[in-house]
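Throughout, read-outs are computed from the coordinates displayed, never taken from laboratory work. Remember, it's a predicted structure, so these values are computed and weren't measured experimentally. Backbone-built Cβ (ideal geometry, glycine too); neighbour counts: all protein chains shown.
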Amino acid sequence: MTAEERRAKLVDLFEEVKGCTRCPLHETRTKAVFGAGDADADVMFVGEAPGADEDRQGLPFVGRAGQLLNELLEGIGLSRSDVFIANVLKSRPPGNRDPQPGEIEACKPYLFEQVRLIEPRVVCTLGNFATKLLSGNPAGITRVRGTPQLRELGGRTVFLLPLFHPAAGLRTPAVKETLREDFKLLPGLIEGPLPGALEEEVEEPEEEPAAEESPERPADQLDFFG
């Protein structure tokens, strides 16, 4: 697909998400949160679910965790306008509770289609839910954070970079510093060989039992997502 065709399909997907009734969360949300940013971004961030601020505004990561994400991006010379930000869930769980398996399953096709249409080089998963879903591995975020993996998502090979969720960095200064260090990996992943051109697989983390708990592209924005 051309860039224009991909964007048109992304608009269609946006409209579909706005009216989604696939799970009961549509009954309690204020606005669906599709995601926002550069439709041709090399880097895509995937969080867990919208919070109260996101639910009101219909935009991802606009609260305190989003402010930290902005700060971390600025630390490596990037901004929100350079990346695309989304969540596993497109609707806020009541009381910010954890996503339920049925809700994740209902929203998963939207997220994978976003990856397919945006064509990122790097997908950064923020926290356990996004990491376990997109890696297909039950290993917890503490074990795998900061280690790039090669994964096929949306029909293309990408670097998957698991990261702590910024909300955890707000609670724990040590986690915030770890996030700063892990973000320094991004420029190399962006500027290095395309993932599909690599012949050697990045070392995969060992599985653990599930716990409870291209050429340069134009960088204009999908303003209508705001």
- [ ] Largest first and in whole Å, give the semi-axes of the stretch 1-60's equivalent ellipsoid, each being the square root of 5 times a Cα gyration tensor eigenvalue.
- [x] 23, 15, 9
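By how many nm would the segment from Thr2 to Glu74 grow when fully extended, if each residue of separation counts as 0.36 nm and the alpha-carbon distance is taken off? Working shown, then result.
Working: separation 72, 0.36 × 72 = 25.92 nm, distance 3.01 nm.
Using 0.36 nm per residue and subtracting the Cα-Cα distance, I get 22.9 nm.
So which trypsin sites (Lys or Arg not before Pro) in the stretch 62-130 pass both tests, a DSSP loop state and at most 13 other Cβ atoms within 10 Å of the Cβ?
Details: sites: Arg64, Arg80, Lys90, Arg97, Arg116, Arg121; in loops: Lys90, Arg97, Arg121.
Sparse-neighbourhood loop trypsin sites (Lys or Arg not before Pro): Arg97.
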Task: Lysine pair number, Cα distance threshold 19 Å (strictly under), the chain, separation 8 or more or different chains - done: 12
TODO: Provide the three semi-axes, in whole Å and in decreasing order, of the ellipsoid equivalent to the chain as defined by the square roots of 5 times the Cα gyration tensor eigenvalues.
DONE: 24, 22, 18
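Restricting to DSSP H runs of at least four residues, report the calculated mean residue ellipticity at 222 nm for the chain, -39500 (n - 2.57) per run over all residues, nearest 500 deg cm²/dmol. Don't skip to the answer; put the middle values down first.
Values: 9 runs with 86 residues, N = 226.
Only helices count here, giving -11000 deg cm²/dmol.
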- [ ] Jot down the radius of gyration and Dmax of the stretch 7-124, Cα atoms only, both in angstrom.
- [x] 13.5, 40
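Find how much the distance from Arg56 to Lys108 grows on full extension, using 0.36 nm per residue of separation minus their present alpha carbon separation; answer in nm with one decimal.
Working: separation 52, 0.36 × 52 = 18.72 nm, distance 2.23 nm.
Fully extending the segment from Arg56 to Lys108 adds 16.5 nm.
Taking R0 as 22 Å, what FRET efficiency do you get between Glu27 and Arg64 from their Cβ-Cβ distance, rounded to the nearest 0.05? All intermediate terms of the calculation are to be shown ahead of the outcome.
On the way: r = 27 Å, r/R0 = 1.23.
My answer for the efficiency is 0.25.
Expressed in nm to one decimal, what extension gain is obtained for the pair Lys184 and Thr147 from 0.36 nm per residue of sequence separation less their Cα-Cα distance? Don't jump to the answer; show the numbers that get you there.
Numbers: separation 37, 0.36 × 37 = 13.32 nm, distance 1.20 nm.
Extra length available between Lys184 and Thr147 comes to 12.1 nm.
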